[in-house]
Amino acid sequence: DNIIHRIVAELEASCDYARRRRTVRAFNANSRFIKRGLALTPVKFGISFTATHYNQAGALVHVYTDGSVHLN
């Protein structure tokens, strides 16, 4: 029942992850002080809780004055 490999492969393809990583690496190679990052991190949370009120999720979003965004 482990479908994580298929899901990650689909996500990588649908968001053009490889091209975006290359773009980030190229930017970082040409920028002495400002660096960018990109990650795809699968997380399993809340699956199989019998108390349905525990099956919740949230997001922490930081939007900085320079326009960059950090999402957890």
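Cβ-Cβ distances below 7 Å connect the following pairs, each with a first residue in region 23-35 that is closer than 18 Å to V69 by Cβ, a second residue that is of a type in the set (A, V, I, L, M), and a separation of six or more residues or different chains: V24/L38. Please indicate, with yes or no, whether at least one residue in region 48-67 is part of a loop (DSSP other than H, G, I, E, B) and touching a Phe, Trp or Tyr at 6+ places or on another chain (Cβ under 8 Å). Within region 48-67, one or more residues are part of a loop (DSSP other than H, G, I, E, B) and touching a Phe, Trp or Tyr at 6+ places or on another chain (Cβ under 8 Å). Consider R22 carefully, then state whether it is of a type in the set (D, E, K, R) and loosely packed, with under 10 Cβ neighbours inside 10 Å. Answer is no for this residue.
Any read-out appearing in this document is the output of simple, stated calculations on the displayed coordinates, not a laboratory observation. Remember, it's a predicted structure, so these values are computed and weren't measured experimentally. Note that we place each Cβ from the backbone using ideal geometry, even for glycine, and neighbour counts take in every protein chain shown.
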